[in-house]
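**Student:** Pasting a structure below so you can have a look.
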């Protein structure tokens, strides 16, 4: 299980880092810069090779919140997952040089509650954070599917959700929690339902189910929800593309640009299917297009990494990935879920 969890988190970060240098770049420009095959290895972004973006940062803070909620429950204290993850996102917001949450939610960012992840120097880098996430977290309410804070369906709720599927074993429960955590910042049904699909899909894959079976299960859960048509349509389009078209960047671009959640999910699922079990093939397909390459790469990397595990990821990507060691630590902690003792309490304080 540790190998699958590590594979998913590392895979998502690798897809994020591969896409970071070419986000906002057209396919023609990508090919002019890197050759006909497009980008195939880390290129400089944010002053280094292998740099992650806010996608991976927020995924790590999702895990941080889930682990703190579990620690609270084990200690006999209230441990609501959504509340704990929201508080973790406020600590992420603090890493982005934004202190506004000190006024509205002061407990979440008290020095004694910051924890080990916040203290990782590299994670306190500003990496073009999404404006919807920033604006939502500055507000005085926590968004939910029933009480949305906005009408955004951007992919910012999707790209951070894989830890939910790695933490919640039941795919139905993972779907529900994925929706609720995405809705903290993204209130459009397509914005949070896509996250529910990905969380459910990851939970099924982590249990050892095949990709196609896992997709079918997540799709069935999606169809039970109100306002699912747009997200279901994007997934159906991805499945048709896999069945009928050649796996090339032009096919990826026919699914959209990935700026909105249902398109990013469709691209990630399509690339994972087209990869046929080969991590590198799928992640490179997911990033080489003229759109939100880091987020679509992160989604495909999360899916494929869960399937192949850390051992199935090419070593050259792992060697130069920013925060790779910290990502592996988070993966081990997610796999353990909880460990009693002073060291764990210091890593994930529950105050």
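**Student:** Within the range 231-244, work out how many residues are under 22 Å from residue 179 (Cα atoms) and surrounded by 19 or more Cβ atoms within 10 Å (Cβ to Cβ).
**Tutor:** Looking only at that region, the number is 4.
**Student:** Hey, can you tell me all the residues within the range 47-100 that are outside any helix (DSSP H, G or I) and either touching a strand residue (DSSP E or B) at 6+ places or on another chain (Cβ under 6 Å) or buried (at least 20 other Cβ atoms within 10 Å of the Cβ) (or both)?
**Tutor:** Here is the first cut: in the range 47-100, the residues outside any helix (DSSP H, G or I) are 47-53, 75-80, 96-100.
50, 51, 52, 53 - these are the residues of the range 47-100 that are outside any helix (DSSP H, G or I) and either touching a strand residue (DSSP E or B) at 6+ places or on another chain (Cβ under 6 Å) or buried (at least 20 other Cβ atoms within 10 Å of the Cβ) (or both).
**Student:** Still on this model: Condition (residue is touching a strand residue (DSSP E or B) at 6+ places or on another chain (Cβ under 8 Å), farther than 24 Å from residue 38 by Cα and either assigned to a helix (DSSP H, G or I) or modelled with pLDDT of 95 or more (or both)) applied to the range 227-247: is it met by at least one residue?
**Tutor:** So the first thing to find is which residues in the range 227-247 are touching a strand residue (DSSP E or B) at 6+ places or on another chain (Cβ under 8 Å), and the list is none.
No, the range 227-247 contains no residue that is touching a strand residue (DSSP E or B) at 6+ places or on another chain (Cβ under 8 Å), farther than 24 Å from residue 38 by Cα and either assigned to a helix (DSSP H, G or I) or modelled with pLDDT of 95 or more (or both).
**Student:** For the range 197-213: of the residues being farther than 16 Å from residue 167 by Cβ and either in contact with a strand residue (DSSP E or B) (Cβ under 8 Å, 6 or more places away or on another chain) or in contact (Cβ under 8 Å) with a residue 40 or more places away in the chain (or both), which is surrounded by the fewest Cβ atoms within 10 Å (Cβ to Cβ)? Don't jump to the end; show me each part of the working.
**Tutor:** Our first condition is that a residue be farther than 16 Å from residue 167 by Cβ; within the range 197-213, this holds for 197, 208-213.
Pick out the ones that are also either in contact with a strand residue (DSSP E or B) (Cβ under 8 Å, 6 or more places away or on another chain) or in contact (Cβ under 8 Å) with a residue 40 or more places away in the chain (or both) and you get 197, 211-212.
On the way: 197: 33, 211: 20, 212: 11.
The residue in question is 212.
**Student:** Residue 278 - would you say it is over 16 Å from the mean Cα position of the chain (by Cα), surrounded by fewer than 24 Cβ atoms within 10 Å (Cβ to Cβ), more than 15 Å from residue 13 (Cβ to Cβ) and touching a residue at least 60 places away in the same chain (Cβ under 8 Å)? It would help to see each step written out before you state the result.
**Tutor:** Values: over 16 Å from the mean Cα position of the chain (by Cα): yes; surrounded by fewer than 24 Cβ atoms within 10 Å (Cβ to Cβ): yes; more than 15 Å from residue 13 (Cβ to Cβ): yes; touching a residue at least 60 places away in the same chain (Cβ under 8 Å): no.
Judged against the criteria, residue 278 is not a match.
**Student:** What is the number of the single condition among (1) touching a residue at least 60 places away in the same chain (Cβ under 8 Å); (2) over 21 Å from residue 125 (Cα atoms) that residue 285 does not meet?
**Tutor:** Here residue 285 meets the rest and fails (1).
**Student:** A further question on this structure: State whether one or more residues within the range 331-346 are within 23 Å of residue 45 (Cβ to Cβ), in contact with a helix residue (DSSP H, G or I) (Cβ under 9 Å, 6 or more places away or on another chain) and either in a loop (DSSP other than H, G, I, E, B) or modelled with pLDDT under 95 (or both).
**Tutor:** no
The values are calculated or read from the model by the stated rules, or taken from the named source; none is laboratory data. As the structure is a computational prediction, the values presented were derived from the model and not from experiment. Note that we place each Cβ from the backbone using ideal geometry, even for glycine, and neighbour counts take in every protein chain shown.
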